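Here the structure comes first, spelled out in structure tokens, and everything after it is commentary.
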């Protein structure tokens with residue numbers, strides 16, 4: 001039974017990684033398709049956005065997309081979902097994303 005549990009856990013990790021990569025690809029495509037005027041409206045630096053769009057999908061968000069915004073940090077523990085950086089939340093909201101509230 002231990003082998004089966006190990007296979008299931010590995011499959012879940014792999015599917016989670018693939019889902020994360022697909023999410024990054026889609027987000028960077030949407031971000032790259034946004035007009036400069038809209039980027040300015042939500043406070044994002046077009047040069048930093050262009051750099052972010054060119055990053056490979058397996059690399060996490062790492063640019064400061066808004067002037068003065070803190071850098072994006074990875075989650076502390078493996079398997080912990082990455083939080084959406086505050087600088088990208090306006091873009092994600094335009095795409096229809098919602099965010100959980102902390103209680």
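Tell me, yes or no, whether the stretch 49-62 has at least one residue that is outside any helix (DSSP H, G or I), surrounded by 18 or more Cβ atoms within 10 Å (Cβ to Cβ) and within 15 Å of the chain's Cα centre (by Cα).
Yes, some residue in the stretch 49-62 is outside any helix (DSSP H, G or I), surrounded by 18 or more Cβ atoms within 10 Å (Cβ to Cβ) and within 15 Å of the chain's Cα centre (by Cα).
Condition first: assigned to a helix (DSSP H, G or I) and either touching a strand residue (DSSP E or B) at 6+ places or on another chain (Cβ under 8 Å) or surrounded by 11 or more Cβ atoms within 10 Å (Cβ to Cβ) (or both). Now tell me which residues in the stretch 31-46 satisfy that.
Scanning the stretch 31-46 gives 31, 32, 36, 38, 39, 40, 41, 46.
None of the figures in this text is laboratory data; all of them are computed from the coordinates on show. Nothing here was measured: the structure is a model prediction, and the numbers come from that model. When we count neighbours, we look across all protein chains shown, and the Cβ atoms used for this are built from the backbone with ideal geometry, even at glycine.
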